[in-house]
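The values are calculated or read from the model by the stated rules, or taken from the named source; none is laboratory data. Values in this document were obtained by computation on a predicted structure and should not be read as measured data. In this analysis, Cβ positions are derived from the backbone assuming ideal geometry, glycine residues included, and neighbour counts consider all displayed protein chains. Note: areas computed on protein heavy atoms with side chains; ligands, DNA, RNA excluded. Shrake-Rupley method; radii C 1.70, N 1.55, O 1.52, S 1.80 Å.
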Amino acid sequence: MCHEQWALTVIKLLRFFCINCQYGQLLDINVDDDVVMKKLSKLRQDKAPGADNIQPRFLKDIIEEVCHAMTIIFRKSLDQWEIPDYWRTANVIPIFKKGTRSKVSNYRPVSLTSQVSKIYESILRDAIMEHLVKNQLRRDSQHGFLRGRSCLSNLLTFLDKVTNCVDKGIDVDVIFLDLAKAFDKVPHTRLMNKKVRRLLKHDRYIFLKN
């Protein structure tokens, strides 16, 4: 969660976040009205609502009135390490991929969650990604889920390395793997224990895991 790093981005994010770090661990995230206002202003009005049926267009229409209230809710959620149940409730919609429409396997499920919870998740994601960049806790070879990087930047980096090897007369062997439903195969518990647990205090880890 899915995305964001580079020196310029860190500088921009520091205007909005104050992250207290100790020994490479993310101890807290301070959220203010400016952060929430920025996220609200970027809401896409064509997005579908979640189970709470709150339309993003409605949130943008009352952005001035709802901003501070959302800041209080987000801050209270962090302080009490709890997430409202309805934020974890989603409307699951089948999206057709390809093939025969009568086969269930040709559809992928999309979970439509609350727009408010998405804003909250985005704030947490930005803070964690900033922390990873600031403390050099990610590999520079990572291109996925990072702003300013993509499949294209990954391919260009790979092409540059292969070209350099060829120019030096070094043989290059390449193996490509394509995992079907790769995201569904990720062992999320192991991933949380391996990466996230190292970044957060125990109570924050349990909060994020939930």
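Let's see how each residue does on (1) over 25 Å from residue 109 (Cβ atoms); (2) surrounded by 10 or more Cβ atoms within 10 Å (Cβ to Cβ); (3) at pLDDT below 90:
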{"residue": "151", "(1), (2), (3)": "no, no, yes"}
{"residue": "164", "(1), (2), (3)": "yes, yes, no"}
{"residue": "185", "(1), (2), (3)": "no, no, yes"}
{"residue": "198", "(1), (2), (3)": "yes, yes, yes"}
Looking at segment 66-81, is at least one residue outside any helix (DSSP H, G or I) and either open to solvent by 70 Å² or more (accessible area, probe 1.4 Å) or in contact with a helix residue (DSSP H, G or I) (Cβ under 9 Å, 6 or more places away or on another chain) (or both)? yes
Pairs under 7 Å by beta carbon, first residue assigned to a loop (DSSP other than H, G, I, E, B) in segment 149-168, partner open to solvent by less than 90 Å² (accessible area, probe 1.4 Å) and at pLDDT below 90, six or more apart or different chains? 149/143; 150/143
Exactly one of 110, 116 is open to solvent by less than 60 Å² (accessible area, probe 1.4 Å) and modelled with pLDDT under 90, and that one is 110
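Which residue is least open to solvent (accessible area, probe 1.4 Å), if the candidates are limited to segment 86-104 and must be assigned to a helix (DSSP H, G or I) and at pLDDT 85 or above? Quick ask: steps written out before the conclusion?
Within segment 86-104, the subset assigned to a helix (DSSP H, G or I) is 86-88, 104.
Applying the additional criterion that residues be at pLDDT 85 or above yields 87, 104.
Values: 87: 12, 104: 126 Å².
Per the stated criteria, the residue is 87.
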